[in-house]
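The values are calculated or read from the model by the stated rules, or taken from the named source; none is laboratory data. Quick caveat, the model's predicted, so the values are computed rather than measured. Methodologically, a virtual Cβ is constructed for each residue, glycine included, from the backbone with ideal geometry; neighbour enumeration extends over all protein chains shown.
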Amino acid sequence: MSKAIFEQVEKLAHELMAAAEADNEEQFYALYDQLKQLCKEHQGSKKDHPVLWETLGDFSEENDDAIGAYNQAYQLAEQMKDNEYKASIQFSLAQRYFEEGRKTEAGDALEKAAKFASFTEDDELQEEIQLLAESSS
């Protein structure tokens, strides 16, 4: 992924957070639509990247939309063989599945997240995965 796209996603994420914190729904949805358009614009191209879709999932209010975005991100992370992204995405999927009451899928995603995270140096993510596992059992 080009540095310009990463910076664009990062900027949108910061602006989305600011809009959410300010309870500015109009701005939030306008920014969300920009992020969604950016994802669609690069989908299937050499510039397509898990960070696009994972970020979209993170800011999706509807669990079904988030799950769809995370699955798209996961496919790309699988192609890249990137354990860091795979762990993070599976963790986010697990959270959304738990919210939906889909315990089997949540457990499967959490198990995958733990496995992939064990191959990374991300102690914070490993801890979050462990906490979710403990709180959901």
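Out of Q34, Q72, one residue alone is more than 18 Å from S137 (Cβ to Cβ), at pLDDT 95 or above, more than 16 Å from the chain's Cα centre (by Cα) and in a helix (DSSP H, G or I). It is Q34. The condition (being touching a residue at least 40 places away in the same chain (Cβ under 8 Å) and either crowded, with 16+ Cβ neighbours inside 10 Å or farther than 27 Å from C39 by Cα (or both)) is satisfied by just one residue among I89, I129, I67: I129.
Of the residues that make up the range 98-111, is at least one assigned to a helix (DSSP H, G or I) and farther than 23 Å from Q130 by Cα? Checking the range 98-111: not a single residue is assigned to a helix (DSSP H, G or I) and farther than 23 Å from Q130 by Cα. Provide a single number: the residues in the range 81-137 that are farther than 20 Å from A69 by Cα and among the hydroxyl-bearing types (S, T, Y). Residues that pass the stated criteria total 5.
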